[in-house]
Structure formats: C-alpha cells, structure tokens
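See below for the structure under consideration.
The values are calculated or read from the model by the stated rules, or taken from the named source; none is laboratory data. Being a predicted model, the structure only gives us computed values, none of them experimental. Here the Cβ positions follow ideal geometry from the backbone for every residue, glycine too, while neighbour counts run over all protein chains shown. Surface accessibility is based on the protein's heavy atoms, side chains included, excluding ligands, DNA and RNA. Shrake-Rupley method; radii C 1.70, N 1.55, O 1.52, S 1.80 Å.
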Amino acid sequence: NDDTSPPDIPLSVYIAAFGIILVVLLISCGSYFEPLLFLITIGIAVVLNLGTNFFLGEISDVSFGIAAVLQLALSMDYSIILMNRYRQELNGTDDRKEAMANALRGAFGSITGSAVTTIVGLLVLVFMSFKIGADIGIVLAKGVALSMLCVFAVLPALILLSHKLIEKTQKKSQIKKRFK
C-alpha cells in the first residue's frame, strides 16, 4: 500500500460533504455568487496545503484523503466573517477599497483568533500515540493556516474584482436590508 495514493473513500462521501458545505454557504451568504468566491479562495489554500505535504515526506492515506474536505469545513467561516464585515463597512462608505481595508482590520482579530484556536487544537493531535494523529494534526493545522492567509490575501481581491456580480446576484432579503 503506497502512502501517497488516496484512500478507498467512496466518491459519494466527497460529493455529499461538498454538497452539504455548498448548501450551508448558499443559505448563509448574502449573494448567490459569494459561495463561488469562497470555494475558490479555500480551494487555492487546499491545493497549496496538499502541495506542501511533499515536504512532510510520508503522510497516511487517510490524512491525504480527508484533508481537503476537513480543511474546507474547518476554515470556510473565515470567508463568511470577512464578507459580512465588508458588507457592514460598505454601509459607511462608497469606496470599496476603503471598505475592504476597514473590513480586513475589523475582521483580523476574530479570524486569527479562530484560526489560532483551531490550529492549536489540531496540533495537539500530534501527541496521540497513533501515527495518524500526527499526520492529520500537522496537515490540517497547516491547511487552516494557509486558508487564513488566503482569506486575507486572495478573497479581498476576488471580492473587489467581482463586486458587480455580487450585487447582481444578491438575495432579495439582502437588497431590502441594504436600502432601508
């Protein structure tokens, strides 16, 4: 059994997990386009995480197989926090860049606090007596850190570049809130 090959987890499990995450995003986002931005951002972080696993040498099949889905689930809220803060800041200014700069400053504490708590919790798995704990702890801690960095570096650019699409696809309840 080669430790670099994905485990025998059925494709249906991945599809179901992704579907659940997508439904949660569609419910919690103010625009139908935002989930795509969030998935692109965390997707970049997942690719970086899986690519940097090369430097760890061997990781278990299970760690490799579930890392992407767990990273997505553990760090998606960072994108939601930043987007909500950006929306709040837009109420105070029409300058999108200024609103994003203020949103980044305002959301920095909550996002980094949440990420650091998650990273420390995952790193505790390193002390398990089973090798899988160290594998999964390091891989996911690294993944959460990369997700946080992508939310601060990639997501703001995506939001600013696609603001027209975000506005066009806003849910009716969000349009009413914005123009009250």
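Taking amide H positions as placed 1.01 Å from N in the peptide plane, with prolines and chain starts having none, which residues 5 or more places from SER31, or on another chain, fall under 5 Å of its amide H?
Hits under the 5 Å cutoff: LYS171.
Calculate the dipole size of the stretch 1-101 relative to its Cα centre from +1 charges on Lys and Arg beta carbons and -1 charges on Asp and Glu beta carbons; express the result in debye to the nearest 20. Don't jump to the answer; show the numbers that get you there.
Numbers: 4 positive and 11 negative charges, 79 e Å.
Charge dipole, the stretch 1-101, about its Cα centre: 380 debye, nearest 20.
How do the peptides 64-72, 159-167, 142-150 rank, highest first, by the average count of neighbouring beta carbon atoms within 10 Å per residue?
Details: 64-72: 19.9, 159-167: 15.4, 142-150: 22.7.
Per-residue mean Cβ counts within 10 Å order the peptides as 142-150, 64-72, 159-167.
Expected output is a single nm value to one decimal: the length gained when fully extending between LYS168 and LEU123, i.e. 0.36 nm times separation in residues minus the C-alpha distance. What is it?
Contour length minus the Cα-Cα distance gives 12.0 nm.
Taking a ≥ b ≥ c as the square roots of the eigenvalues of the Cα gyration tensor of the stretch 11-70, is the shape rounded (a/c under 1.5), prolate (a/b larger than b/c) or oblate? Don't skip to the end; give the middle numbers.
Working: a/c = 4.20, a/b = 1.80, b/c = 2.33.
Since a/c reaches 1.5 but b/c is at least a/b, the shape of the stretch 11-70 is classed as oblate.
Name the residue from GLY106, ILE9, ILE66 whose Cα lies farthest towards the positive end of the charge dipole of the chain, charges +1 on Cβ of Lys and Arg and -1 on Cβ of Asp and Glu.
GLY106
Please label the shape of the chain as rounded, prolate or oblate, based on the square roots a ≥ b ≥ c of the eigenvalues of the alpha-carbon gyration tensor (a/c under 1.5 means rounded; beyond that, a/b larger than b/c means prolate, else oblate).
Taking the square roots of the gyration eigenvalues as a ≥ b ≥ c, the chain is prolate.
Taking 0.36 nm per residue of sequence separation and subtracting the Cα-Cα distance, how much length would be gained by fully extending the chain between PHE130 and VAL24, in nm to one decimal? Don't skip to the answer; put the middle values down first.
Details: separation 106, 0.36 × 106 = 38.16 nm, distance 3.29 nm.
That pair, PHE130 and VAL24, stretches by 34.9 nm at full extension.
How many percent of the accessible area of the stretch 1-160 is carbon or sulfur, using a 1.4 Å probe? Let's see the in-between values first.
Working: 5800 of 7990 Å².
So the carbon and sulfur contribution to the accessible surface is 73 percent.
What accessible surface, in Å², does a 1.4 Å probe find on ASP77, ignoring ligands, DNA and RNA and rounding to the nearest 10?
Near enough 60 Å² of accessible area.
Where the only charges are on Cβ atoms (+1 Lys, Arg; -1 Asp, Glu), what is the dipole of the chain about its Cα centre, to the nearest 20 debye?
1180 debye
Report LEU11's accessible area, 1.4 Å probe, all protein chains in place, as a number in Å² to the nearest 10.
LEU11 has an accessible surface of roughly 120 Å² with all protein chains in place.
Can you find, among LEU56, ALA115, GLY143, the residue sitting farthest towards the positive end of the charge dipole of the stretch 33-180, where Lys and Arg contribute +1 and Asp and Glu -1 at Cβ?
ALA115
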